Amino acid sequence: MNDQPDTNTIWIFGYGSLIWNPGFDAAERSLARAPGYERSFCLRSLVHRGTPEAPGLVLALNTGQGGCDGVAFAVRTGQEAEVMAYLRERELVTSAYLEREIPLELADGRRVQAVTYVIDRHHDQYCGALTLEEQARIIAQATGGRGPNSDYLFNTAAHLHELGIPDTMLDGLAARVRELTC
């Protein structure tokens, strides 16, 4: 195991849609863990998975117990500016996310710093106190510029399963949304 951080490569941490749709060709991809964070449907989506009149919900990285498992992507040398501009346009559309560099533990034991998008708990789109039932009802009904909110949930849950990343909260939420949409 290498305890020395990799400081020469820009890494991106995906915990939601970046897992299954990063939008760029990575030089390397690895399962990774972000200690001290959790994946949470705590962000009202006004653009991609909802509208201002009928907001949806999307995942955000929130401080929490344990850690959040996801995927780390190494940006190809020479593509750093292009990838960061793309991610900022995609992720910072309403300023509800804060771009942060956080420590990650890669599956092979390496430790790296990675750029990721963490929820701004002071932003008016933050909704961290919703029950699972409230989340399910919103997700079952919302649609935005990138399609139905339920597709976002189902894609994320399916890809986590494919990667062998357990997430009981997402599984329970997906099951409830399926009940509501059938």
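The values are calculated or read from the model by the stated rules, or taken from the named source; none is laboratory data. If you're wondering where the values come from, they're calculated on a predicted model, not measured in any experiment. Positions of Cβ are generated from backbone atoms using ideal geometry, with glycine treated the same way; all protein chains shown enter the neighbour counts. Only protein heavy atoms, including side chains, enter the accessible area calculation; ligands, DNA and RNA are left aside. Shrake-Rupley method; radii C 1.70, N 1.55, O 1.52, S 1.80 Å.
For the stretch 107-182, averaging the sequence separation of C-alpha pairs within contact (under 8 Å, six or more residues apart) and dividing by the residue count gives a relative contact order of 30 percent. Ligands, DNA and RNA left out, the 1.4 Å accessible surface of the chain is 48% carbon and sulfur atoms.
Computed on the chain, with alpha-carbon pairs under 8 angstrom and 6+ residues apart, the relative contact order is 29 percent.
Taking amide H as placed 1.01 Å from N in the peptide plane, the amide H of Gly64 sits under 5 Å from that of Tyr37, Glu38, each at least 5 places away or on another chain.
For the pair Tyr126 and Ala175, label points projected 7 Å from Cα toward Cβ lie 3.1 nm apart.
Taking a ≥ b ≥ c as the square roots of the eigenvalues of the Cα gyration tensor, an a/c ratio of 1.5 or more together with a/b no larger than b/c marks the stretch 105-182 as oblate. Springs between Cα atoms under 10 Å define the GNM used for the chain, and in it the highest mean-square fluctuation of Gly50, Gly145, Gly128 occurs at Gly145. Over the chain, accessible surface divided per residue gives 49 Å², non-protein components excluded, 1.4 Å probe.
Backbone geometry of the stretch 26-36 corresponds, through the Karplus equation with coefficients 6.51, -1.76 and 1.60 at θ = phi - 60°, to 3J(HN,Hα) couplings of 7, 6, 8, 9, 8, 4, 8, 10, 9, x, x Hz, x marking Gly and Pro. Taking the Cα atoms only, what angle lies between the long axis of helix 80-91 and the longest principal axis of the chain, rounded to 10 degrees? Orientation of helix 80-91: about 20 degrees from the principal axis.
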